[in-house]
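Participant: If you scroll down you'll find the structure; I have some questions about it.
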Amino acid sequence: MDKNLIQRTVSGIVYVAIIILCSTPLGAQLLNSIAPGLIKQQYLYHGLMSLLLIVGTWECVKIMKFGNGYEKWVVYPLVIFIFYMFSKRYFNHDFFFDFRLSEILALALIGIAVVTLFKYPNELYFDSGKLIFTVIYVALPFSFALGLPKFSSYSDHFSLEVLFLFILIWSSDTFAYLVGKFFGKHKMAPKISPKKTWEGYAGGVVLTLVLSYFIEHYQPELRGNWMIVGFLVAAFAPLGDLVESQLKRNFGVKDSGNIIPGHGGVLDRLDSFIICVPVVYLYFILEKFI
């Protein structure tokens, strides 16, 4: 068997296992079976998001090739500060998904950053632009991700929104790849991601909707309607891949890193997650008013 295939398989299994253990009660149950009362699930999840945040920031700084100015050193404190402010809300159970102007503005900034990347890339060749983009592109999505699951400080309850979001993203990517490989003819964005096709995109949407139907049917305690979440994921997950591909293309970089052997870096693996989290978070805000 090809050594690279073995490496990709093993690292992929480890990656999926970490996501499952940190985004479901299984992680705390496993650790507490070894040392009772060792940790609560919310700390594992927060730790995972913190790790992804720091590594993702480091990769983005490396991709965008910051100069030696102050921006390279200011970006980390800014990212950590924003994440800290959301962390306070997380542990104080303050994610009520109300219509808060500050949250809407933060979500809008992510959209502006994406438009800037595609339409005005020259703005990102200055360190000040790189600083702003990194903070928006990395800090805000992982911070909003803290608000997706619900947990109780007084019980083992920890809701599974993040796990099923990952599952839908993985299914969307897999279905789009398989349908595109066998039936794809019309390129979606040949200059950015030559392998993506409109046929694959359509296949990803349809089959992800099928999976989301079963999630909605068998997991009624999840927040929101997961047929809608599934559609949003299938629609926006490919955009996440295109955003990261465009970012690397603009700066002449092949992979964001190699922390996941055979799969690249955190930004390579979580490009769809970074875009889907704000979209799903916005839906959770709006669905209270529908």
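The values are calculated or read from the model by the stated rules, or taken from the named source; none is laboratory data. If you're wondering where the values come from, they're calculated on a predicted model, not measured in any experiment. So basically every Cβ, Gly included, is an ideal-geometry build from the backbone, and we count neighbours across all protein chains shown. Side chains included, ligands, DNA and RNA excluded: accessible areas come from the protein's heavy atoms. Shrake-Rupley method; radii C 1.70, N 1.55, O 1.52, S 1.80 Å.
Participant: Kindly evaluate Gly230 against the criterion of being at pLDDT below 90, assigned to a helix (DSSP H, G or I) and in contact with a helix residue (DSSP H, G or I) (Cβ under 8 Å, 6 or more places away or on another chain).
Facilitator: Numbers: at pLDDT below 90: no; assigned to a helix (DSSP H, G or I): yes; in contact with a helix residue (DSSP H, G or I) (Cβ under 8 Å, 6 or more places away or on another chain): yes.
Considered against the rule, which asks whether it is at pLDDT below 90, assigned to a helix (DSSP H, G or I) and in contact with a helix residue (DSSP H, G or I) (Cβ under 8 Å, 6 or more places away or on another chain), Gly230 comes out as no.
Participant: Name the single residue that is surrounded by the most Cβ atoms within 10 Å (Cβ to Cβ) among those in the range 141-156 being touching a strand residue (DSSP E or B) at 6+ places or on another chain (Cβ under 9 Å) and either closer than 16 Å to Val114 by Cβ or touching a residue at least 60 places away in the same chain (Cβ under 8 Å) (or both). So that I can check it myself, show each step before the final result.
Facilitator: Going residue by residue through the range 141-156, those that are touching a strand residue (DSSP E or B) at 6+ places or on another chain (Cβ under 9 Å) are 149-152.
Filter once more, keeping what is either closer than 16 Å to Val114 by Cβ or touching a residue at least 60 places away in the same chain (Cβ under 8 Å) (or both): 149-151.
Values: Pro149: 23, Lys150: 15, Phe151: 18.
Across the range 141-156, the extreme among qualifying residues is Pro149.
Participant: Oh, and also: Within the range 116-129, how many residues turn out to be small (Gly, Ala, Ser) and surrounded by 14 or more Cβ atoms within 10 Å (Cβ to Cβ)?
Facilitator: Of the residues in the range 116-129, the ones small (Gly, Ala, Ser) are 128-129.
Still in the running and surrounded by 14 or more Cβ atoms within 10 Å (Cβ to Cβ): 129.
Within the range 116-129, residues that are small (Gly, Ala, Ser) and surrounded by 14 or more Cβ atoms within 10 Å (Cβ to Cβ) number 1.
Participant: Touching a residue at least 40 places away in the same chain (Cβ under 8 Å) and closer than 30 Å to Asn68 by Cα, is that true of Phe166?
Facilitator: Considered against the rule, which asks whether it is touching a residue at least 40 places away in the same chain (Cβ under 8 Å) and closer than 30 Å to Asn68 by Cα, Phe166 comes out as no.
Participant: Here's a follow-up. Every residue in the range 174-194 that is under 16 Å from Val243 (Cβ atoms) and exposed (fewer than 11 other Cβ atoms within 10 Å of the Cβ), please.
Facilitator: Result: Lys191, single match.
Participant: Moving on to the next point. Show the residue pairs meeting these rules: Cβ distance below 7 Å; 6+ apart or different chains; first residue within the range 119-140 and modelled with pLDDT under 95; second residue open to solvent by 60 Å² or more (accessible area, probe 1.4 Å) and among the acidic types (Asp, Glu).
Facilitator: Cβ pairs passing all conditions: Gly129/Glu123.
Participant: Across the range 68-89, what is the total count of residues that are under 17 Å from Lys130 (Cα atoms), more than 20 Å from the chain's Cα centre (by Cα) and free of Cβ contacts under 8 Å to residues at least 60 places away in the same chain?
Facilitator: 7
Participant: Go through the range 237-290 residue by residue and tally those that are touching a strand residue (DSSP E or B) at 6+ places or on another chain (Cβ under 7 Å), closer than 20 Å to Tyr120 by Cα and either buried (at least 19 other Cβ atoms within 10 Å of the Cβ) or of a type in the set (A, V, I, L, M) (or both).
Facilitator: Start the filter on the range 237-290 by keeping residues that are touching a strand residue (DSSP E or B) at 6+ places or on another chain (Cβ under 7 Å), which leaves 238, 241-242, 245, 255-258, 269.
Cutting the leftovers down to closer than 20 Å to Tyr120 by Cα gives us 241-242, 245.
Then drop every residue that is not either buried (at least 19 other Cβ atoms within 10 Å of the Cβ) or of a type in the set (A, V, I, L, M) (or both), which leaves 241-242.
Going through the range 237-290 one residue at a time, the tally reaches 2.
Participant: Among the numbered criteria (1) assigned to a loop (DSSP other than H, G, I, E, B); (2) among the aromatic types (Phe, Trp, Tyr); (3) at pLDDT 95 or above, which single criterion is violated by Tyr154?
Facilitator: Going through the list (1) assigned to a loop (DSSP other than H, G, I, E, B); (2) among the aromatic types (Phe, Trp, Tyr); (3) at pLDDT 95 or above, Tyr154 breaks only (3).
Participant: Given (1) under 25 Å from Leu21 (Cβ atoms); (2) open to solvent by less than 30 Å² (accessible area, probe 1.4 Å); (3) of a type in the set (Ser, Thr, Tyr), identify the lone condition not met by Thr197.
Facilitator: (1)
Participant: Yes or no: the range 157-169 includes at least one residue that is over 20 Å from the mean Cα position of the chain (by Cα), surrounded by fewer than 20 Cβ atoms within 10 Å (Cβ to Cβ) and not in a helix (DSSP H, G or I). Working first, answer last.
Facilitator: Residues of the range 157-169 that are over 20 Å from the mean Cα position of the chain (by Cα), as a first pass: 157.
Still in the running and surrounded by fewer than 20 Cβ atoms within 10 Å (Cβ to Cβ): 157.
Narrowing the set further to residues that are not in a helix (DSSP H, G or I) leaves 157.
Yes, some residue in the range 157-169 is over 20 Å from the mean Cα position of the chain (by Cα), surrounded by fewer than 20 Cβ atoms within 10 Å (Cβ to Cβ) and not in a helix (DSSP H, G or I).
Participant: Identify, from the list Ala108, Ala113, the residue that is more than 16 Å from Leu247 (Cβ to Cβ) and either assigned to a helix (DSSP H, G or I) or open to solvent by less than 80 Å² (accessible area, probe 1.4 Å) (or both). Break it down into steps so the answer makes sense when it comes.
Facilitator: On the way: Ala113 fails: more than 16 Å from Leu247 (Cβ to Cβ).
None of the others qualify; the one that does is Ala108.
Conditions (1) in contact (Cβ under 8 Å) with a residue 40 or more places away in the chain; (2) within 21 Å of Phe97 (Cα to Cα); (3) among the aromatic types (Phe, Trp, Tyr), marked per residue:
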site	(1), (2), (3)
Pro190	no, no, no
Pro194	no, no, no
Ser212	yes, no, no
Asp268	no, no, no
Phe284	yes, yes, yes
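Participant: Being under 14 Å from the mean Cα position of the chain (by Cα) and modelled with pLDDT of 90 or more narrows it down to one residue among Leu207, Leu222, Leu239, Leu211; which is it? Write out each step before concluding.
Facilitator: On the way: Leu207 fails: under 14 Å from the mean Cα position of the chain (by Cα); Leu222 fails: under 14 Å from the mean Cα position of the chain (by Cα); Leu211 fails: under 14 Å from the mean Cα position of the chain (by Cα).
Of the residues listed, the single one that is under 14 Å from the mean Cα position of the chain (by Cα) and modelled with pLDDT of 90 or more is Leu239.
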